[in-house]
Amino acid sequence: MRGSYNSVFAQRRAFTMPAQLIDGVLLSKQLREDIAARAATLAAAGMQPGLAVILVGEDPASQVYVRNKVKACGDVGFHSVLEKYEADLSEQALLDRIAALNADPAVHGILVQMPLPKHIDPSKVIEAISTAKDVDGYSVLSAGELVANLPGFRPCTPYGCMKLIETTGIDLRGKHAVVIGRSNTVGKPMALLLLQANATVTICHSATPDLGYHTRQADVIVAAVGRRNTLTAEMVKPGAIVIDVGMNRDDAGKLCGDVDFAGVSEVASHITPVPGGVGPMTITMLLMNTLESAERVHTSGQPPAGQASGMEPKPGLA
Ligand SMILES: Nc1nc(=O)c2c([nH]1)NC[C@@H]1CN(c3ccc(C(=O)N[C@@H](CCC(=O)O)C(=O)O)cc3)C=[N+]21
């Protein structure tokens with residue numbers, strides 16, 4: 001009897017070519033050139049975009065990430081401050097620093113690197129950041145703005161994924177998108193952005209019994225699980241777009257995503273690599289949000305909210 005696997009495989013060989021790489025480094029370079037040009041225009045008008053990055057504790061991966069963020073700011077002509085604190089910093093001391101940065105007119109974005117030490121409540125910290133400076137898009141109000149299709153800061157990773165999908169030139173209207181993962185920072189906002197782009201969206205997660213059943217229907221798959229080889233070739237419809245948000249290590253200690261890249265790239269039409277895909281775009285969209293925060297202040301002629309506000313309307317929103 002003819003094996004069904006073989007006939008599916010033959011179909012894939014007949015109808016698809018190896019996937020096109022979606023290059024997050026190249027797209028980042030292009031977008032950062034635009035960001036730098038807009039920052040220069042603002043600077044000429046007397047306003048340099050500024051980002052404050054706060055790191056609490058010694059986590060080595062976090063150290064690398066925040067250094068990359070600060071370096072990226074310098075490259076596009078932003079002002080940036082990196083504040084590093086010992087792991088035993090009190091929650092109140094951190095909240096006090098955020099209050100000072102909320103009131104600082106040279107600062108247009110505030111990023112507190114996650115994860116925080118256990119004795120600090122991350123949601124208290126996130127909600128202390130002025131909504132006008134929440135360039136991570138992590139606050140409850142920013143999340144609500146996304147749900148309600150209101151302008152506001154979109155979380156950087158899913159926002160970057162949308163830009164990567166845009167490069168394919170494929171219109172998402174009516175396409176079936178499957179998001180794997182339901183985190184507040186990636187999976188959930190990713191699903192909402194895809195929905196806003198008129199895709200039909202399915203969210204799969206750890207309690208989904210048959211992941212492949214869903215992913216095989218998908219025109220677009222975004223894998224944001226944090227476990228390598230979660231998506232393999234037989235789970236992908238020929239011609240699908242695959243975006244890999246994962247950041248894992250393989251047995252050799254090399255950085256790898258959630259997707260079996262070698263296998264899936266034989267089936268997909270477009271695929272992002274790890275590294276060099278979503279990661280650089282996360283930083284690029286952080287720069288974009290910070291730039292837009294500064295542009296809003298400049299256009300409105302008002303200083304950004306001087307205090308934490310969960311509730312007050314965002315000033316200067318276009
Ligand atoms: N408040 C907050 N905001 C964040 O946006 C945030 C955070 N906390 N905590 C940690 C995660 C992780 N994250 C990454 C950003 C860029 C790369 C990145 O540039 N990755 C490179 C490779 C880097 C390497 O080689 O290790 C790439 O994929 O090509 C990775 C990870 C932002 N995060």
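Which one is farthest from Val53 (Cα to Cα), of the residues in the stretch 119-146 that are among the charged types (D, E, K, R) and part of a helix (DSSP H, G or I)?
Going residue by residue through the stretch 119-146, those that are among the charged types (D, E, K, R) are 121, 124, 127, 133-134, 136, 145.
Cutting the leftovers down to part of a helix (DSSP H, G or I) gives us 124, 127, 133, 145.
Details: Lys124: 17, Glu127: 16, Lys133: 12, Glu145: 23 Å.
Across the stretch 119-146, the extreme among qualifying residues is Glu145.
State all residues of the stretch 64-81 that are within 12 Å of the ligand (Cβ to nearest atom) and among the hydroxyl-bearing types (Ser, Thr, Tyr); if no residue qualifies, say none. Even if it seems obvious, please write down each step before you answer.
Going through the stretch 64-81, the residues within 12 Å of the ligand (Cβ to nearest atom) turn out to be 64-69, 71-72.
Passing the criteria: only Tyr65.
Being of a type in the set (A, V, I, L, M, F, W, C) and either in contact with a helix residue (DSSP H, G or I) (Cβ under 6 Å, 6 or more places away or on another chain) or within 15 Å of the ligand (Cβ to nearest atom) (or both) is the filter here; which residues of the stretch 85-120 pass it? So that I can check it myself, show each step before the final result.
To start, the set of residues in the stretch 85-120 that are of a type in the set (A, V, I, L, M, F, W, C) comprises 87, 89, 93-95, 98-101, 103, 106-107, 110-112, 114, 116, 120.
Across the stretch 85-120, the qualifying residues are Leu94, Leu95, Ile98, Leu101, Val107, Ile110, Leu111, Val112, Met114, Leu116, Ile120.
Which numbered condition trips up Arg38, out of (1) loosely packed, with under 13 Cβ neighbours inside 10 Å; (2) away from the ligand (no atom under 16 Å from the Cβ)?
(1)
Could you list, in sequence order, the residues of the stretch 259-282 that are closer than 29 Å to Asp136 by Cα, more than 10 Å from the ligand (Cβ to nearest atom) and either assigned to a helix (DSSP H, G or I) or without any contact (Cβ under 8 Å) to a residue 12 or more places away in the chain (or both)?
Phe261
Hand me the list of helices (runs of 4 or more DSSP H) wholly inside the stretch 147-256 holding 2 or more residues that are closer than 27 Å to Leu287 by Cβ. I'd like the intermediate steps shown before the answer.
Values: elements: 156-166, 187-196, 211-215.
Those helices (runs of 4 or more DSSP H) span 156-166, 187-196.
Out of all the residues in the stretch 283-300, is one or more at pLDDT 95 or above, near the ligand (Cβ under 10 Å from one of its atoms) and part of a loop (DSSP other than H, G, I, E, B)?
Checked against the condition, which is being at pLDDT 95 or above, near the ligand (Cβ under 10 Å from one of its atoms) and part of a loop (DSSP other than H, G, I, E, B), the stretch 283-300 yields no hits at all.
Could you check, for the stretch 9-24, whether at least one of its residues is modelled with pLDDT of 95 or more, in a helix (DSSP H, G or I) and within 25 Å of the chain's Cα centre (by Cα)? So that I can check it myself, show each step before the final result.
So the first thing to find is which residues in the stretch 9-24 are modelled with pLDDT of 95 or more, and the list is 19-24.
Checking which are in a helix (DSSP H, G or I) leaves us with 24.
Restricting the remaining residues to those that are within 25 Å of the chain's Cα centre (by Cα) gives 24.
Among the residues of the stretch 9-24, at least one is modelled with pLDDT of 95 or more, in a helix (DSSP H, G or I) and within 25 Å of the chain's Cα centre (by Cα), which makes the answer yes.
Would you say Gly239 is surrounded by fewer than 17 Cβ atoms within 10 Å (Cβ to Cβ), in contact with a Phe, Trp or Tyr (Cβ under 8 Å, 6 or more places away or on another chain), modelled with pLDDT of 95 or more and farther than 22 Å from Arg67 by Cα?
Yes; evaluated as a whole, the condition is true for this residue.
The values are calculated or read from the model by the stated rules, or taken from the named source; none is laboratory data. Since the model is a prediction, treat every value here as computed from it, not as a measurement. With ideal geometry, Cβ positions are generated from the backbone for all residues, glycine too; neighbour counts draw on all protein chains shown.
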